[in-house]
Amino acid sequence: MFETLDYSILQHYWYAINALLGALLVFLLFVQGGQTLIYTVAKSELEKKMLINTLGRKWEFTFTTLVTFGGAFFASFPLFYSTSFGGAYWVWMIILFAFIVQAVSYQYRSKPNNFLGQKTYELFLIFNGVIATVFLGTAVATFFTGSGFHIDDMNRTFWDSPFRGLELALDFTRYATFINLSLGLAVFFLSRVLANLYFLNTIDHLEINQRAHKSLFNNAIPFLVFFLFFLVNILLIDGFAVNPDTKEVFMEPNKYLHNLLQMPIVLILFLLGVVMVLMGILRAYFVPKKCSSKGIWISGIGTVFTVFGLLLIAGYNNTAYYPSYSDLQSSITIFNSSSSKYTLVAMSYVSLMVPFVLAYIVYAWRAVNNKKIDAAEMNEESHTY
Amino acid sequence: MENFDLTLIDWSRAQFALTALYHWLFVPLTLGITFILAIMETIYYKTGDPEWKKITKFWMTLFGINFAIGVATGIILEFEFGTNWSNYSWFVGDIFGAPLAIEGIMAFFMESTFIAIMFFGWNKVSKGFHLTATWLTAIGSNLSALWILVANGWMQNPVGMQFNPDTARNEMVDFFEVLFNPAAVNKFLHTIFSSYILAAIFVVGISAWFLLKKKEILFAKRSIVVAAIFGLIFSVMTIFTGDESAREISKSQPMKFASMEGLYHGTTNAPLVAFGILKDAPTIENPEKKDFAFKVEIPGMLSYMANLKFDSFVPGIYDLVHGNVDQGIISYSEKINRGLVARNTLSEYKLALKGNDAVLIDSLRSNFENKEWMEGYFNYFGYSYFSNPHDIIPNVPITFYSFHIMVILGGYFMALFIIVLFFVMKDTLAGKRWLLWIALWTMPLGYLASESGWIIAEMGRQPWVIQDLMPTMTAVSNIDSNSVIITFWLFFAVFTALLIAEIKIMLKQIKIGPNEGGH
């Protein structure tokens, strides 16, 4: 089946799968957003326990999606994997440390004799929540603004800055840094928006619901500001285009705007996504009695569409998706970074399992979330975080 | 040897070793105890006896504590290939990345989805569905191990690929050859079976403590019966797969095999050193130097292990380094020369591509399509990075002692399970306090044996990251060594703190015991 497909189609297919995993990851970052709210949306120990428990039933999905995202990129675009991870060493290390400390925090937080103390594990959760969202968002922005590296003819990567990727968020002499950070902050506030919607969906507790409702609005505003700043900027900046014949990379004015207009399906998907994100928020905020439970799904699916669309305009339509601003020809495209055709075909068969995986995830999600969390359950259930 | 930043290489290796050894403290228990849990819950499902539910839930709590830190230490390993071994990642991503991606899609999601039901579903889903979730968690975690070990097996015995001179990397040509690579199959089975032993030791050891304290007698006895039978079955299986593994290593990694036995000079009727203390290694100047201070040998056994024939020849370290004409073994010097021919041909090909010289391109390219040339020259590509053949010998004492510690402990574990079961059958185990103390103190030995296995696998194949193709020193990322030194110590500090937390929490939960529901 896949063997008959053109190499280029397979490369596009795999880029789309990775983009989809990235989009799902951004949606699932609601867990991280929620972790940053445990001291504001909850006021008492019991309320905090309820928040942590409702998040604790989902944190592994986010974690697993991140791992799968890494594995899928490794398998399908190994040059991206080696360049980004080996190059932006400190960015990835900080992100990874944030996930390392998260993984133990749910299980260990409320256990007696836990060595570091409950507060430390809660701070780990907050650290993870801030770092994962801001850094991952900032890293994705570099798909549009580029990084400083070059690749030699043996495909070895040489990163320009000794700060190993941190310069992309800290070098304020470059305007691109503001664009990068704006996406990082947009993802941070979006994750908090989604977390509030998730709380409204899964927790049956009046005070929590009231605070989540208020927090929804307080985070939606900065999200919109940062997201619009990012969006307007990337539509206006010069983008990293690839000449389809010579494969030469060059700067094209308004490249990403062109990509949106030249790929109408992506444009529709992207706009639909943005509208759904907003709709989920607005309906949950203004018609809370009827719509607060559904917000997570409307805004969540909207997030997936929006991020999926964004990642497609970064890599499709002859665009370098991991560009180098210091050496244009070292920029990474879906053509020069992919695995061989054979591997992409073999992996494509594996990708047929994804719908089954999604199906059992949905089934298990519903089984665990079929009843809202309430105070009584926190006292009855033998396994709580 | 060419100019490499040795500080960077050493610290990158140290960091990978540190993170992998830490991760492996938690994985074997997960692999094994999930099946033990599934068996216990199955008995509960069949009998409806609440005692079995209590037993299942107690071990499940300990599993959850272990699982969390296993996940925490595991995430870094996948990404470390990119962050610290980016030249490796690019060179083999076409093959090595696939199993990692499949692991994520097939196994990791299964594990993490059903684990949530296992922990939180007791009062939310039916008994049957909960049991299914427990089994699927066990299967998911073991499937996860399958794909990781397929990836590792490929590094030990690279198969199913072809070198593409245009991209200058190895590309996969046969997925099933990679999947059913004998090194991978043996490694997978040997690793999971030995992990089941560790889990059984864990359950028997902690249950023995309850018997020593005269607490939760029924709980402890039942746990011991399940775990000791489980452990005994897989002790036998581990011996079989270990034997297969050794044979496989003797073929694909003869240097590792010779190092495992401290065999410097090859011989027919090679004896197996059952127990030995190494002395100074023989050197080039003094090749006949005595290599063992003391040893107990089983005559001909090593030859039998390698070739199933007592009179067969097993090459020693020096046969491999200096060659052995009678046995048709090429010396490392010759392999270095052949590797250089392959590497120079690739460089010339790259230059020809740049110069657009069609005739030269075709003639050089034909080498890479010629099977004989590839086998005669390209297969030694990695040797071209060495100038001294003695740099291609692994650390013999570490490999030798790790191997012998693993094997001796493996035998001891089997004996322990038999003795424990013997007294269980006579129903006198609770009174055998000496045996209960032994069972308790065997727990750290289980971890020692398991870690030793990985030390043989990874130290024994040095200096290769991919056997014969890519030396470890060429695989590192181009980072300044200070960054790696800092991250090494950060990992050391964070993982150690988390390990202490894990042990303290676990000890507390054990003290609380099964009646409290684990909290």
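The values are calculated or read from the model by the stated rules, or taken from the named source; none is laboratory data. Computed from a predicted structure; not experimentally measured. Neighbour counts run over all protein chains shown; Cβ positions are idealised from the backbone, glycine included. SASA here: full protein model, heavy atoms, side chains in, ligands and nucleic acids out. Shrake-Rupley method; radii C 1.70, N 1.55, O 1.52, S 1.80 Å.
Annotations for the structure displayed:
- Helices (runs of 4 or more DSSP H) wholly inside region B:303-420 that include at least 3 residues being crowded, with 20+ Cβ neighbours inside 10 Å: B:317-322, B:332-355
- With respect to the conditions (1) open to solvent by 10 Å² or more (accessible area, probe 1.4 Å); (2) at the interface with chain B (Cβ under 7 Å from one of its Cβ atoms), A:Phe99 lacks only one, and its number is (1).
- Single condition A:Leu194 does not satisfy, out of (1) modelled with pLDDT of 95 or more; (2) open to solvent by 10 Å² or more (accessible area, probe 1.4 Å); (3) not small (Gly, Ala, Ser): (2)
- Those helices (runs of 4 or more DSSP H) of region A:1-62 in which 2 or more residues are among the hydrophobic types (A, V, I, L, M, F, W, C) and free of Cβ contacts under 8 Å to residues at least 60 places away in the same chain occupy A:7-28.
- Verdict on B:Ala184 being more than 11 Å from chain A (Cβ to nearest Cβ) and out of contact with any Ser or Thr (no Cβ under 7 Å at 6 or more places or on another chain): yes
- Test: residue in region B:493-511 that is more than 11 Å from chain A (Cβ to nearest Cβ) and of a type in the set (Gly, Ala, Ser): no
- Check on A:Val249, surrounded by 15 or more Cβ atoms within 10 Å (Cβ to Cβ) and in contact with a strand residue (DSSP E or B) (Cβ under 6 Å, 6 or more places away or on another chain): yes
- Sole residue being in contact with a Gly (Cβ under 8 Å, 6 or more places away or on another chain) and under 30 Å from A:Ser84 (Cα atoms), chosen from B:Gly82, B:Gly70: B:Gly82
- Single residue of region A:355-376 satisfying the filter (in contact (Cβ under 8 Å) with a residue 12 or more places away in the chain and among the aliphatic types (A, V, I, L, M)) that is farthest from A:Leu51 (Cα to Cα): A:Ile361
- Scanning region A:374-385 for residues that are within 7 Å of another protein chain (Cβ to nearest Cβ) and open to solvent by 20 Å² or more (accessible area, probe 1.4 Å) yields a total of 1.
- Helices (runs of 4 or more DSSP H) fully within region A:286-373 that include at least 2 residues being open to solvent by 10 Å² or more (accessible area, probe 1.4 Å), more than 14 Å from chain B (Cβ to nearest Cβ) and under 25 Å from A:Val266 (Cα atoms): A:295-315.
- Only one entry of A:Leu123, A:Leu136 meets the criterion of being open to solvent by 50 Å² or more (accessible area, probe 1.4 Å), within 14 Å of chain B (Cβ to nearest Cβ) and not hydroxyl-bearing (Ser, Thr, Tyr), and that entry is A:Leu123.
- Test: B:Ile76 is within 29 Å of A:Ser76 (Cα to Cα), at the interface with chain A (Cβ under 9 Å from one of its Cβ atoms) and at pLDDT 90 or above: yes
- Pick from region B:107-143, criterion more than 10 Å from every other protein chain (Cβ to nearest Cβ) and among the polar types (S, T, N, Q), ranking: most open to solvent (accessible area, probe 1.4 Å): B:Thr132
- Answer from A:Phe115, A:Phe74 - the residue that is surrounded by fewer than 24 Cβ atoms within 10 Å (Cβ to Cβ), at the interface with another protein chain (Cβ under 9 Å from one of its Cβ atoms) and in contact with a helix residue (DSSP H, G or I) (Cβ under 7 Å, 6 or more places away or on another chain): A:Phe115
- Pick from region B:149-181, criterion out of contact with any Gly (no Cβ under 9 Å at 6 or more places or on another chain) and assigned to a helix (DSSP H, G or I), ranking: nearest to the other protein chains (Cβ to nearest Cβ): B:Val150
- In this entry, B:Ser126 is excluded by the filter for residues that are hydroxyl-bearing (Ser, Thr, Tyr) and in contact (Cβ under 8 Å) with a residue 24 or more places away in the chain.
- Consider region A:217-240 and keep the residues that are in contact with a Phe, Trp or Tyr (Cβ under 6 Å, 6 or more places away or on another chain) and surrounded by 19 or more Cβ atoms within 10 Å (Cβ to Cβ). The one that is farthest from A:Tyr321 (Cα to Cα) is A:Asn219.
- Test result for B:Trp464, of a type outside the set (S, T, N, Q), surrounded by fewer than 17 Cβ atoms within 10 Å (Cβ to Cβ) and touching a residue at least 40 places away in the same chain (Cβ under 8 Å): no
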